[in-house]
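S.K.: Quick one: the structure is below, questions incoming.
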Amino acid sequence: VDVCVPVQLGSRHVGWARVGIGGKEVRERLAAITWMGVYYALAAIVIGSLIAWRMGGRITRRLYAVQDAISEVRAGNRTARSKITGTDEAASIAFEFNTLLDTLDERSAALVSSEAKYRLLLLNIRAAVIVHGPDSRILMSTPMAQKLLGLSEQQMMGKAAIDPAWHFLREDGSIMPLEEYPVQRTITTGRPLEDFVVGVHRSDQEAVTWVLVNTEPTLNERSGVDEIIVTFVDITELKKGEANLQ
């Protein structure tokens, strides 16, 4: 790069002043600056990667600790809780997870208590009650129902509505087909059945026991039948009185 200007002494031109700057030195300085920038960029990338790796490893270890607590709960340890503390995302997840487990434990305890009261009420009530599952199998029965059907609680557990230990009769005395059984009607329709007269023929006695049956389905969140509560009262003497009157 050259700069050239005239030199005058008074009004007389006496020569030229020339200043030259070589391009080699400038190129060398530019190259040095460029390489320095590359080195700084590489150093920043390496240092940033190390910091990210360290932070990522810490977060990953904390998330794995939460996962370990989840695995313990899945394996059956309902008392397992995550011990992660702090203010980061992993600690927030651990806190929400522990809160969820505490809420589920409270609801489970309330459900167990409610179920215990429900069973105690059924066992002590002086009425014949049988609880069927959606496949008609007996889940629970009261002592009055066991006495009426001539079976113990252990004998009744798991029995289906159709069982060789007994069969039902229509009011006219004919054998009732399975699809007309009170519990089967409720399973099929999903609706309760009221004041349905059924004859119970037991294998251990010849006399027929006449009962008045009511059913009440318990529906789940999908509107499907979850349980069927069947209550019945012995009306055998009433049927005998009607027969005598006739």
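S.K.: Name the residue that is farthest from Gly133 (Cα to Cα), counting only residues in region 201-230 that are open to solvent by less than 50 Å² (accessible area, probe 1.4 Å) and hydroxyl-bearing (Ser, Thr, Tyr).
M.R.: Going through the qualifying residues, I end up with Thr209.
S.K.: Oh, and also: Can you confirm whether Asp135 is open to solvent by 50 Å² or more (accessible area, probe 1.4 Å) and within 31 Å of the chain's Cα centre (by Cα)?
M.R.: Answer is yes for this residue.
S.K.: Can you name the condition, by its number, that Ala75 falls short on among (1) under 17 Å from Leu101 (Cβ atoms); (2) surrounded by 10 or more Cβ atoms within 10 Å (Cβ to Cβ); (3) not acidic (Asp, Glu)?
M.R.: (2)
S.K.: Within the bounds of region 219-240, is there any residue that is among the charged types (D, E, K, R), in a strand (DSSP E or B) and under 29 Å from the mean Cα position of the chain (by Cα)?
M.R.: Looking through region 219-240, at least one residue is among the charged types (D, E, K, R), in a strand (DSSP E or B) and under 29 Å from the mean Cα position of the chain (by Cα).
S.K.: Kindly state which strands (runs of 3 or more DSSP E) lie completely within region 62-172 and contain at least 1 residues that are at pLDDT below 80.
M.R.: Filter on region 62-172 gives 166-169.
S.K.: Within the set of pairs 6+ apart or on separate chains, which have a first residue in region 15-28 that is within 12 Å of Asp2 (Cα to Cα) and part of a helix (DSSP H, G or I), a second that is among the hydrophobic types (A, V, I, L, M, F, W, C) and open to solvent by 100 Å² or more (accessible area, probe 1.4 Å), and C-beta atoms under 9 Å apart?
M.R.: Gly23/Val1
S.K.: Which condition from (1) under 30 Å from Ile228 (Cα atoms); (2) open to solvent by 70 Å² or more (accessible area, probe 1.4 Å); (3) not polar (S, T, N, Q) is the one that Glu89 breaks?
M.R.: The number of the failed condition is (1).
The values are calculated or read from the model by the stated rules, or taken from the named source; none is laboratory data. Fair warning: this is a prediction, and the values are worked out from it, not measured in the lab. No Cβ is skipped: glycine too gets one built from the backbone with ideal geometry, and neighbour counts run over all protein chains shown. SASA here: full protein model, heavy atoms, side chains in, ligands and nucleic acids out. Shrake-Rupley method; radii C 1.70, N 1.55, O 1.52, S 1.80 Å.
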